[in-house]
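Following this message is one structure expressed as structure tokens.
Since every read-out is calculated from the coordinates, none of them should be taken as a lab result. Since we're looking at a predicted model, the values are computed, not measured. Cβ placement follows ideal geometry from the backbone for every residue including glycine, while neighbour counts extend to all protein chains displayed.
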Amino acid sequence: MAENISILGSTGSIGTQTLEVVREIGGLNVCAITANNNIDLLEKQIREFKPELAAVMDENKAAELKERVKDCNVAVLGGMEGLIEAATYKKSDTVVTSVVGNIGILPTFEAIKAGKNIALANKETLVSAGELIINAVKENGVKIYPVDSEHSAIFQSLQGNKGNKIRRILLTASGGPFRGKTREELKNVKASDALNHPTWHMGKKVTIDSSTLMNKGLEVIEAKWLFDVPVEDIEVLIHPQSVMHSAVEYEDGAVIAEMGEPDMRVPIQYALTYPKRVKNSFPKIDFAKHASMTFQKPDMDTFKCLGLAYKAVGIGGTMPAAMNGANETAVKAFLDGKIGFLDIADIIEKTMNSYNVKYNYTVEDLLNADKWARNAALDFIINK
């Protein structure tokens, strides 16, 4: 069970819910927190949770925050250096990595090398750098505790079954706001439509990824590395009710699943209290109110991003990092109204088709792949 934590991305969706868990269960000391540029909320968090270190990626905002909280006993740093300082802070035993995107790779690496356990909410870290991250975890004797609801469900379904062979992982998806729509119906949807998720409350980028099914593709890759399962043994199921958060089928045909209300605070809490389960006041599921649970295969012809993720991990090397960089660029362009919804997958596919994969890669190679893919995707967007 964690005692002292750092939270990378404390002002985002997962970060704020992590702090809700801290308030709820007590016994957790927040040593360090970081934000991208939301210093208004970060200041409030500093005053409430009294961390010893705070970092802001925007260095100008960091300087402003430092002035604002000079009456507090907190060191304020800026940029990637500040993010890494928070990730490796000497008093922390566990780092909650809830920043969005490939920006999480370097601080996660440094945290692992510093002997910190990782409560992982930044899926891009494993998507882009899975092999390097897992090797670093083994070398440094630390643990990764998944925060994503689906990966937490798989992790929980594996408890008590060490040595039993897995037949397949069943990774559930709500289907997002456009479940059942045709490509024709999706031609003119707006970002506001895609952000209207029927089940989960998440940040903008993750919500768009959910609507394209790229989020599920990223989770397939993440599951491969977290649970050492061949990607062909990971099956995505559309489950609109979001009651069964994911499941494991063993070779004897038995399926063990984790179920509950769609509430991210529960997997966050389990990542921080593992192996203990701690009482909380979060809503509990009433199965009598769920008339049915339905499951169906995903439409990978309409929602091409899921297939692109399977393709990227199949190719391997630096391709997943390139795919992820292209996706982040395309999602931002969609949110900014520069491209249509269906263009997201097309831009990712064009970028992947133009990319020369590198194997036997380093962290620097991954960052270069990400940079190349972002620039290539931007060119496709401009010349669309």
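Distance in nm between label sites at LYS162 and VAL357, each 7 Å beyond Cα in the beta-carbon direction?
Reported label-point gap for LYS162 and VAL357 is 3.4 nm.
Name the shape class, rounded, prolate or oblate, that the alpha-carbon gyration tensor gives for the range 219-333, where a ≥ b ≥ c are the square roots of its eigenvalues, rounded holds for a/c under 1.5, and otherwise prolate holds if a/b is larger than b/c and oblate otherwise.
Verdict is prolate for the range 219-333.
Which pairs in the list LYS91/LYS204; LYS162/LYS311; LYS224/LYS358 are over 28 Å apart, alpha-carbon to alpha-carbon?
Correct reply: LYS91/LYS204; LYS162/LYS311.
Okay, moving on. Please give the charge dipole size of the range 53-182, origin at the Cα centre, charges +1 on K and R Cβ atoms and -1 on D and E Cβ atoms. Round to the nearest 20 debye.
740 debye
If you plug each phi of the range 51-67 into the Karplus form 6.51 cos²θ - 1.76 cosθ + 1.60 with θ = phi - 60°, what whole-Hz ³J(HN,Hα) values come out, in order, with x for Gly and Pro?
Residue by residue, the range 51-67 yields x, 8, 9, 9, 9, 10, 4, 6, 5, 5, 5, 4, 5, 5, 5, 4, 5 Hz.
Using the Karplus curve 6.51 cos²θ - 1.76 cosθ + 1.60 with θ = phi - 60°, what ³J(HN,Hα) values do you get for each residue of the range 76-91, in whole Hz, with x for Gly and Pro?
10, 10, x, x, 4, 4, x, 4, 5, 4, 5, 5, 10, 4, 4, 7
Working out 0.36 nm times the residue gap between ASN135 and MET80, then minus their Cα-Cα distance, what length gain in nm do you get to one decimal?
Length difference between fully extended and current span is 17.5 nm.
I want to check the label-to-label distance for ASN73 and GLU232. Put each point 7 Å from Cα in the C-beta direction and report it in nm to one decimal.
About 5.9 nm separates the two model spin labels.
Search the structure for amide H atoms under 5 Å from the amide H of ASN4, placed 1.01 Å from N in the peptide plane, and list their residues when 5 or more places away or on another chain.
So ASN4 has HN proximity to ASN29, ASP93, THR94.
For LEU41 and ILE382, FRET efficiency with R0 = 30 Å and r from the beta-carbon atoms, rounded to 0.05?
0.35
Considering only MET57, LEU41, GLY27, whose Cα is most displaced toward the positive end of the charge dipole of the range 21-62, charges sitting on Cβ of Lys, Arg (+1) and Asp, Glu (-1)?
Toward the positive end, the furthest listed residue is GLY27.
If you count, for each residue, the other Cβ atoms within 10 Å and average over each peptide, how do 141-150, 8-17, 74-83 line up from highest to lowest?
Highest-to-lowest ranking by the protection proxy: 8-17, 141-150, 74-83.
Counting Lys and Arg as +1 and Asp and Glu as -1, each charge on the Cβ, what is the dipole of the chain about the Cα centre in debye, to the nearest 20?
The dipole magnitude comes to about 340 debye.
Return the whole-Å distance between the Cα centroid of the range 127-194 and the Cα centroid of the range 252-320.
Each part's Cα centre sits 6 Å from the other's.
Moving on to the next point. Against the empirical 2.2 N^0.38 Å scaling, what ratio does the C-alpha Rg of the chain come to?
Compared with the compact-globule rule of thumb, the chain sits at 0.95.
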